[in-house]
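Asks: Let me give you the structure first, and then I'll get to my questions.
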Amino acid sequence: TFNDYSFNYPGSKEPSLKNITFEINAGETIGIVGKIGSGKSTLVNSLLRMYNIDENSILIDGIDLMHCDIDSLRNAIGYVPQDNFLFSDKVRNNIAFSNKALEYEKVELAAKFADVHDNIIGFKDGYDTISGERGVTLSGGQKQRLSIARAYIKNAPIMIMDDSVSAVDVKTEETILDNIKKYRSGKTTIVIASRVSTVQHLNRVLVL
């Protein structure tokens, strides 16, 4: 629940978000669209508690976000940022970042969810391929999909995708969105997009 939520970045005279009120029900898949600078990323960063906020302005299951344990909060969210950071490590370890002990089958399932499995098995060393610092050996679309797989594998009750399919083709985008419906059923997913077509078939669309 966002309850008349407003946010000013430190030192800024103008609020990035002003009087935002809405509620996301458990299990819904919500789209968020808006012009560049409208506050889409600020909205989800607030949910991740990147900044301290006013009490009772954001609630999860009726609990004030400012009263939540920050580690518990972030463990409950799978997050795909706009800037997809990959480590100079094996592809499998980049996907299983939240738990390096995860079995290969779960890593592969996450890659299939993000529609990047076929790309990975085409690499010289497959899932043991070293991605290079910040993923320099990969295309923009491959980096985005590896980040989606990394967030999905957490199996978190909330998943946030911040403009995470902007570098993939329309067919791949449709596959990922179909997989959200199929494999994230009963869990909450927030999809920020620059194209309305990306979110048009989700449960609801929020326009900023």
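Asks: Are any of the residues in region 53-65 more than 26 Å from N155 (Cβ to Cβ) and under 15 Å from the mean Cα position of the chain (by Cα)?
Replies: Within region 53-65, none of the residues are more than 26 Å from N155 (Cβ to Cβ) and under 15 Å from the mean Cα position of the chain (by Cα).
Asks: Which condition from (1) out of contact with any Lys or Arg (no Cβ under 6 Å at 6 or more places or on another chain); (2) over 17 Å from I158 (Cβ atoms) is the one that G34 breaks?
Replies: Among (1) out of contact with any Lys or Arg (no Cβ under 6 Å at 6 or more places or on another chain); (2) over 17 Å from I158 (Cβ atoms), the lone unmet condition for G34 is (1).
Asks: Name the strands (runs of 3 or more DSSP E) wholly within region 1-45 that hold at least 1 residues that are open to solvent by 20 Å² or more (accessible area, probe 1.4 Å) and modelled with pLDDT of 95 or more?
Replies: Because the criterion is at least 1 residues that are open to solvent by 20 Å² or more (accessible area, probe 1.4 Å) and modelled with pLDDT of 95 or more, the strands (runs of 3 or more DSSP E) in region 1-45 that meet it are 2-7, 17-22.
Asks: Can you spot a residue in region 139-159 that is more than 23 Å from I190 (Cβ to Cβ) and surrounded by fewer than 16 Cβ atoms within 10 Å (Cβ to Cβ)?
Replies: Among the residues of region 139-159, at least one is more than 23 Å from I190 (Cβ to Cβ) and surrounded by fewer than 16 Cβ atoms within 10 Å (Cβ to Cβ), which makes the answer yes.
Asks: Let me ask you something else. Of the residues that make up region 105-118, is at least one in contact with a helix residue (DSSP H, G or I) (Cβ under 9 Å, 6 or more places away or on another chain), part of a loop (DSSP other than H, G, I, E, B), closer than 23 Å to D162 by Cβ and open to solvent by less than 40 Å² (accessible area, probe 1.4 Å)?
Replies: Yes, because at least one residue in region 105-118 is in contact with a helix residue (DSSP H, G or I) (Cβ under 9 Å, 6 or more places away or on another chain), part of a loop (DSSP other than H, G, I, E, B), closer than 23 Å to D162 by Cβ and open to solvent by less than 40 Å² (accessible area, probe 1.4 Å).
Asks: Out of the residues in region 64-91 meeting the condition of being in a helix (DSSP H, G or I) and in contact with a Lys or Arg (Cβ under 9 Å, 6 or more places away or on another chain), tell me which one is surrounded by the most Cβ atoms within 10 Å (Cβ to Cβ). Give the steps one after another, and end with the answer.
Replies: The first filter runs over region 64-91 and keeps only residues in a helix (DSSP H, G or I), leaving 65-67, 70-75, 91.
Still in the list and also in contact with a Lys or Arg (Cβ under 9 Å, 6 or more places away or on another chain): 65-66, 70, 73-75.
Numbers: L65: 22, M66: 15, I70: 11, L73: 16, R74: 15, N75: 13.
Within region 64-91, the match that is surrounded by the most Cβ atoms within 10 Å (Cβ to Cβ) is L65.
The values are calculated or read from the model by the stated rules, or taken from the named source; none is laboratory data. All values derive from a computational prediction rather than experimental measurement. So basically every Cβ, Gly included, is an ideal-geometry build from the backbone, and we count neighbours across all protein chains shown. Keep in mind that these areas ignore ligands, DNA and RNA; they rest on the heavy atoms of the full protein, side chains included. Shrake-Rupley method; radii C 1.70, N 1.55, O 1.52, S 1.80 Å.
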